[in-house]
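Report on one structure; see the data block that follows.
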Protein chains: 2
Amino acid sequence: AAMAGAGWARAVRGLLLDVSGVLYDSGADGGVPIAGSAEAVRRIKASGLKLQLCTNETQATRAAFVRKLRAMGFDVSVAQVTAPAPAACHLLRERGLRPHLLVHHDLVPEFAEIDKTNPNCVVLGDAAENFTYANLNEAFRLLIGMEKPVLISLGKGRYYKETDGLKLDVGAYMKALEYACDVQAEVVGKPAKSFFESALAELGVPAEQAIMIGDDIVSDVGGAQRCGMRALQVRTGKYR
Amino acid sequence: AAMAGAGWARAVRGLLLDVSGVLYDSGADGGVPIAGSAEAVRRIKASGLKLQLCTNETQATRAAFVRKLRAMGFDVSVAQVTAPAPAACHLLRERGLRPHLLVHHDLVPEFAEIDKTNPNCVVLGDAAENFTYANLNEAFRLLIGMEKPVLISLGKGRYYKETDGLKLDVGAYMKALEYACDVQAEVVGKPAKSFFESALAELGVPAEQAIMIGDDIVSDVGGAQRCGMRALQVRTGKYR
């Protein structure tokens, strides 16, 4: 390929957008769009920029997630969403892992095709109300009983904002299980490099021509920068 | 004081005993004594050795805990129990801290005299069934809303054994809140040096003449050794 000049190389051809805290504030009521965000998505599309949503959303299947976004006025498709659960299914199949799921009940259908008998790993997502004392102990006992505990975490966020306040994110529960079992989780989702690489591949734009926009300094900005992307932190969502 | 010879200095005059996993296996049913342990306590007393229970038990007041032990056949008194909650109350008073409690409901009476209005710290114990999603989020929101979050943890155990299986201990939940709030907890209870020093003071025996006996390699053995005590790990309780 012909070498491009520095100016061209730094041109922007695609945007990766975080969703929760950028396009809408999530919540038990389904969440509410952030003012101006649907219009911003329309302008991005009109400008010819490629757009991919890069989310650690694990409280719904991608299909349900997209239905919700469309109902809020965001013109996006399932193919435009990169999310941890499909990435985790890929990893599970590759390594012959049979998960015990500690995830949100609305995410369970994403794992419908995966063998879950006699689990040899735990997949942890933002289980929300499923983060009960009993469920955490059950996941812990399965892990500590494995010869070599395998903990796969759908993200490592500290917390996020819902319409009724801040909530502990999956990363906090991941740390609890890591500590109890003296194991290090494998993180699928932001800020894992492989996750951003998948999103870029789906976007069809190289890292140096893409910008990641999010509200989380670690998951969004740090993760994208380690992949060679530029990144912007918005002051909505959990920004404090 | 006259210098004592090495032989005398290494003589044993007192024992610190962990309780859960050493004297009995705890459980929702109140727990069951470990075979031979009540007899062992009788022999220790008959031998003239001083005895102090050094426990991270935070699922009951000291008074209730001693009633339970006595009902199981252990001849011990409240003064012979060093436990985290009284140590925490001492610390709270010293520093003018007003706690939000995330502890077992049976421990709450230990904090009856402490001002809990307008909390400026969180005290975390092994809350067991009180470790709900809502309660964890509440403690998290209080901490993250403080100008300088103060998290006091009644122990940092990874897990313990109950009659119906292993359970996540307070340390796992401590790690979750530490990570979410980017704060380091102050640990009251084993393996804190100050906690062993209190137990030794109550025992009235210097560190070099005391032995700690427990089933936890970090909380019991490591903590005691850092205080200059010898320590033994038993193969009951959570020993694997």
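When the Karplus curve 6.51 cos²θ - 1.76 cosθ + 1.60 is applied with θ = phi - 60°, which whole-Hz ³J(HN,Hα) does each residue of the stretch B:106-121 get, with x for Gly and Pro?
Those phi angles translate into 6, 8, 3, x, 4, 9, 4, 8, 8, 5, 10, 6, 6, x, 10, 7 Hz.
Calculate the radius of gyration of the Cα atoms of chain A to one decimal place, then report Dmax, the largest Cα-Cα distance, as a whole number, both in Å.
Taking only Cα atoms of chain A, I get Rg and Dmax of 18.1, 59 Å.
Take B:LEU51 and B:GLU147, extend 7 Å from each Cα along the Cα→Cβ direction, and tell me the distance between the two endpoints in nm.
Reported label-point gap for B:LEU51 and B:GLU147 is 5.0 nm.
At 222 nm, what value in deg cm²/dmol follows for chain A if DSSP H runs of at least 4 each add -39500 (n - 2.57) and the sum is divided by all its residues, to the nearest 500?
So the calculated ellipticity at 222 nm is -9000 deg cm²/dmol.
Quick one: what do you get for the stretch A:27-133 if you divide its Cα Rg by 2.2 N^0.38 Å? Can you show the working numbers first?
Working: Rg = 16.0 Å, N = 107, 2.2 N^0.38 = 13.0 Å.
Expressed relative to 2.2 N^0.38 Å, the Cα Rg reads 1.24.
Evaluate E = 1/(1 + (r/R0)^6) for B:LYS193 and A:ASP106, where r is the Cβ-Cβ distance and R0 equals 60 Å; express this FRET efficiency to the nearest 0.05.
Efficiency, rounded to the nearest 0.05: 0.80.
What's the whole-number percent of alpha carbon pairs in the protein assembly as shown lying beyond 36 angstrom?
Tail of the P(r) past 36 Å holds 40 percent of the pairs.
In whole Å, what are the extents of the stretch A:84-187 along the principal axes defined by its C-alpha atoms, from largest to smallest?
That gives 39, 28, 22 Å along the principal axes, largest extent first.
Using amide H atoms built 1.01 Å from N in the peptide plane, name the residues 5+ places from B:MET212, or on other chains, whose amide H lies under 5 Å from its own.
Result for B:MET212 returns B:LEU16, B:ARG230, B:ALA231, B:LEU232.
Considering only B:GLU110, B:GLU39, B:GLU147, give the residue with the highest GNM mean-square fluctuation for chain B, with springs between Cα atoms whenever their separation is below 10 Å.
Maximum fluctuation in the GNM of chain B, among the listed residues, is at B:GLU147.
How far apart, in nm, are two points set 7 Å out from the Cα along the Cα-to-Cβ line at A:THR132 and at A:ASP75?
Computed distance between label sites A:THR132 and A:ASP75 equals 4.5 nm.
Using modelled backbone amide H atoms (1.01 Å from N, in-plane), which distant-in-sequence or interchain residues come within less than 5 Å of B:VAL150's amide H?
B:VAL122
Given A:LYS167/B:LYS193; B:LYS161/B:LYS193; B:LYS68/B:LYS116; A:LYS50/A:LYS116, which pairs have Cα atoms separated by over 31 Å?
A:LYS167/B:LYS193; A:LYS50/A:LYS116
Quote to one decimal, in nm, the extra length available between A:ASN120 and A:ALA28 on full extension: 0.36 nm per residue of separation minus the C-alpha distance between them.
My answer for the length gained is 29.9 nm.
Using 20 Å as the cut-off for backbone N distance, which residues of the stretch B:176-210 belong to the label zone defined by a point 7 Å from the Cα of A:ASP182 along Cα→Cβ?
Flagged as within label range: B:176, B:190-192.
Each value in this text was obtained by applying a stated rule to the coordinates, not by laboratory testing. If you're wondering where the values come from, they're calculated on a predicted model, not measured in any experiment. Cβ sites come from the backbone with ideal geometry, for glycine too, and all protein chains shown count toward neighbours.
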